[in-house]
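What follows is a short report on a single structure.
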Amino acid sequence: MPSPPVEPHFLVLIAEDEPEIADILAAYLTRSGLRSVRAADGERALDLHLSLAPDLILLDVQMPRRDGWQVLSEVRRRGDTPVIMLTAMDQDLDKLMGLRIGADDYVVKPFNPAEVVARVQAVLRRARPGGESASRRFLRVGRLQADLESHEITLAGDGPPLPLTLTEFRLLTHLMRAPHRVFGREELLVACLPEGETLERTVDSHLSKLRRKLETAGIEGVPASVRGVGYRLGAVP
């Protein structure tokens with residue numbers, strides 16, 4: 001019996017400096033219903049990990065600026081984001097180092113991309129099992145409550161869910177994860193919008209519609225625009 005699919009809103013960070021490999025991995029992840037974002041060096045990978053909070057990282061060992069071991073050490077210092085190491089090195093010592101630092105799995109190049117996706121799905125299921133706790137299922141900021149399983153936003157359990165599109169739901173929940181942080185348009189574009197939408201002004205359009213729907217529900221001025229920078233959720237009554 002095939003394994004159940006993972007949830008499509010999961011975001012995978014591909015930290016790989018070889019464009020051809022990153023292209024292949026991104027294509028296979030998309031085909032499996034997963035979103036992805038790329039980083040071509042270790043510094044960029046850590047920046048995206050901090051700003052986008054991906055659900056899993058595919059991490060190459062040999063990268064410029066910071067290598068995979070350094071990135072893995074910093075990611076583990078920050079928290080428990082699942083990490084699968086990608087490397088051309090096939091030495092037991094390297095595998096032991098990765099597992100000792102905290103890697104969740106280890107794939108040696110050259111690899112079958114379909115196998116990598118299968119491992120991604122398996123690690124995601126282990127990290128977020130079906131019996132997900134309420135603290136991971138729900139986000140709450142002020143009166144706003146997001147149910148990450150049903151993709152619904154309600155106001156403190158009062159009344160029906162807000163009539164949000166999937167993109168508006170993704171934008172709002174992304175802002176809810178760090179309500180006082182200002183997110184740039186590019187970050188929001190990569191994290192929340194479909195691949196076909198590539199213009200930053202599209203983010204403005206979606207957030208404008210989201211703001212109008214929240215105003216109709218009685219929540220004013222959310223999300224807040226920060227001139228020249230981007231958007232933040234801000235205070236929610």
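Figures for the structure shown
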read-out: Peptides 226-232, 82-88 ordered by average Cβ neighbours within 10 Å, highest first; value: 82-88, 226-232
read-out: Sequence of His151, His49, His180 from largest to smallest accessible area, 1.4 Å probe; value: His180, His151, His49
read-out: Distant-in-sequence amide H partners of Arg66 (H built 1.01 Å from N, under 5 Å); value: Gly42, Glu43
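The values are calculated or read from the model by the stated rules, or taken from the named source; none is laboratory data. In this text, all values refer to a predicted model and were calculated from it rather than measured experimentally. We place every Cβ from the backbone using ideal geometry, glycine too, and count neighbours over all the protein chains shown. For accessibility, only protein heavy atoms count, side chains too; no ligands or nucleic acids. Shrake-Rupley method; radii C 1.70, N 1.55, O 1.52, S 1.80 Å.
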